[in-house]
1. When region 303-331 is examined, which residues are found to be under 17 Å from residue 386 (Cα atoms) and not in a helix (DSSP H, G or I)?
2. How many residues, within region 31-51, are surrounded by 16 or more Cβ atoms within 10 Å (Cβ to Cβ), of a type outside the set (Asp, Glu) and closer than 20 Å to residue 260 by Cα?
3. Of all residues in region 198-240, how many are free of Cβ contacts under 8 Å to residues at least 40 places away in the same chain, within 21 Å of residue 95 (Cβ to Cβ) and over 12 Å from the mean Cα position of the chain (by Cα)?
4. Of all residues in region 338-397 being polar (S, T, N, Q) and free of Cβ contacts under 8 Å to residues at least 60 places away in the same chain, which is farthest from residue 51 (Cα to Cα)?
5. For the structure I just gave you, tell me whether residue 337 is surrounded by fewer than 22 Cβ atoms within 10 Å (Cβ to Cβ), on the phi < 0 side of the Ramachandran plot, in a helix (DSSP H, G or I) and modelled with pLDDT of 95 or more.
6. Assess whether residue 195 counts as being closer than 24 Å to residue 345 by Cα, in contact with a helix residue (DSSP H, G or I) (Cβ under 9 Å, 6 or more places away or on another chain), outside any strand (DSSP E or B) and of a type in the set (A, V, I, L, M, F, W, C).
7. Need a quick list: helices (runs of 4 or more DSSP H) entirely within region 73-177 having at least 1 residues that are touching a strand residue (DSSP E or B) at 6+ places or on another chain (Cβ under 9 Å).
8. With respect to residue 204, determine if the residue is surrounded by 18 or more Cβ atoms within 10 Å (Cβ to Cβ) and over 19 Å from residue 172 (Cα atoms).
Amino acid sequence: MTTMKSNATRYIELENKYGAHNYHPLDVVLHRGEGVWVWDVEGNKYLDFLAAYSAVNQGHAHPRIRRAMIEQAGRLTLTSRAFRNDQLGLLFQQMHELSGFQRMLPMNSGAEAVETSIKAARKWGYKVKGVPDGKAEILVFTGNFHGRTTTIVSFSDDAQYRDGFGPFTPGFTLLPYGDLGAVERAMNPNVVAVLIEPIQGESGIVIPPDGYLEGIEKLCRERRVLLVADEIQSGLGRTGKMFAFEHENVRPDIVIVGKALAGGFYPVSAILADDEVMGVFHPGDHGSTFGGNPLGCAVAREALAVLVEEKLIEKSAELGSWFAEQLRTIDSPLIREVRGRGLWIGIELTPNAGGARRFCEALMTKGLLCKETHVHTIRFAPPLTIERSELEWALERIKAVFREIGS
């Protein structure tokens, strides 16, 4: 790898001078991407081991998705939902056939889809379950990350996400993730939904105990409560299943999807649900100018087709299991735990490792891009198009970094 030169420094200086300082990126300035590889402005080549937090599960600049985007951009990009377009119904049908859910409500960003699920759950609680107006309660969990809106950070337990942004939205009860008994004790007649990540991503690829989701589903059925699964990062193949909740054979009432839904080409998100829940929305209740636009729909249709037809979900299951086992063979006192499902793996470090960021910076110098989360965890989430030989290439560099830093 060459050292950072003036061209990259200039871009970094511009960003620091004119942009808001609400991110802490690694100092690599990317210019081009293809498949699992990206290149910076100096011409250095890197293996992308983050995949834009799972938004590019299909790899960078996938030719099929790019072609669909270009073709649709040449015909029609936006109508708003004041009119119909010829891509929307086709996307709805395709998602129904893939997921089994009767209806889809498209939005743009993941946070918008989470907000949509909250509105749907509350409205269902009032109009269908019969909860007194203004009393709806949603159970949420420690370590959650569902987005950055004011309502969503209201139920985060991360102090930084909340600092300076109050007053906060009421109606959420925070419970310890992985504790089924806590969910049972929190159930009461005003609870309308349980909002959960089947696997927590931002917390460091945290997998709940076996049977946990099944237990929550059972409680929800007994108490007439909606089970809402946030699959924005974990869904669409990332964990070796179409959806992470499939690992426990549960079926949520609402599923939230985003990121990989458009393969990194465009922001597309949605909630999936059956008629009982989706039927609470009537014209004028909720909407989005860009949600369901023909360009986004065309891109999403091809992105979903690529996942299925190129067997990327199966590849994630097979290669992810192998790669996790290889990582567990790394003999280092700095590694506390390796955990993951599919090609979504976290290496949690011991407190005396000095934090995960310096490991990510060291890997960057060796041509591997990843990102730390919650101080002590390195997370790996390469595009699902990756080959075993490329994982072997990455493994050599990961082992080298642990040898160098641990020595």
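1. Answer for region 303-331, where residues must be under 17 Å from residue 386 (Cα atoms) and not in a helix (DSSP H, G or I): 310, 311.
2. 9
3. Summing the residues that are free of Cβ contacts under 8 Å to residues at least 40 places away in the same chain, within 21 Å of residue 95 (Cβ to Cβ) and over 12 Å from the mean Cα position of the chain (by Cα) in region 198-240 gives 1.
4. Applying the first criterion (polar (S, T, N, Q)) to region 338-397 yields 350, 352, 365, 373, 377, 385, 389.
The next check asks that each one be free of Cβ contacts under 8 Å to residues at least 60 places away in the same chain; those that pass are 350, 352, 389.
Details: 350: 25, 352: 28, 389: 18 Å.
Residue satisfying both the conditions and the ranking: 352.
5. Here the answer is no, as residue 337 does not meet what is asked.
6. Values: closer than 24 Å to residue 345 by Cα: yes; in contact with a helix residue (DSSP H, G or I) (Cβ under 9 Å, 6 or more places away or on another chain): yes; outside any strand (DSSP E or B): no; of a type in the set (A, V, I, L, M, F, W, C): yes.
No; evaluated as a whole, the condition is false for this residue.
7. Numbers: elements: 88-99, 110-124, 150-153, 159-162.
Qualifying helices (runs of 4 or more DSSP H): 88-99, 110-124, 150-153.
8. Numbers: surrounded by 18 or more Cβ atoms within 10 Å (Cβ to Cβ): yes; over 19 Å from residue 172 (Cα atoms): yes.
So residue 204 fits the description; yes.
The values are calculated or read from the model by the stated rules, or taken from the named source; none is laboratory data. Predicted, not measured: the structure shown is a model, and the values here were computed from it. Note: ideal-geometry Cβ built from the backbone for every residue, glycine included; neighbour counts use all protein chains shown.
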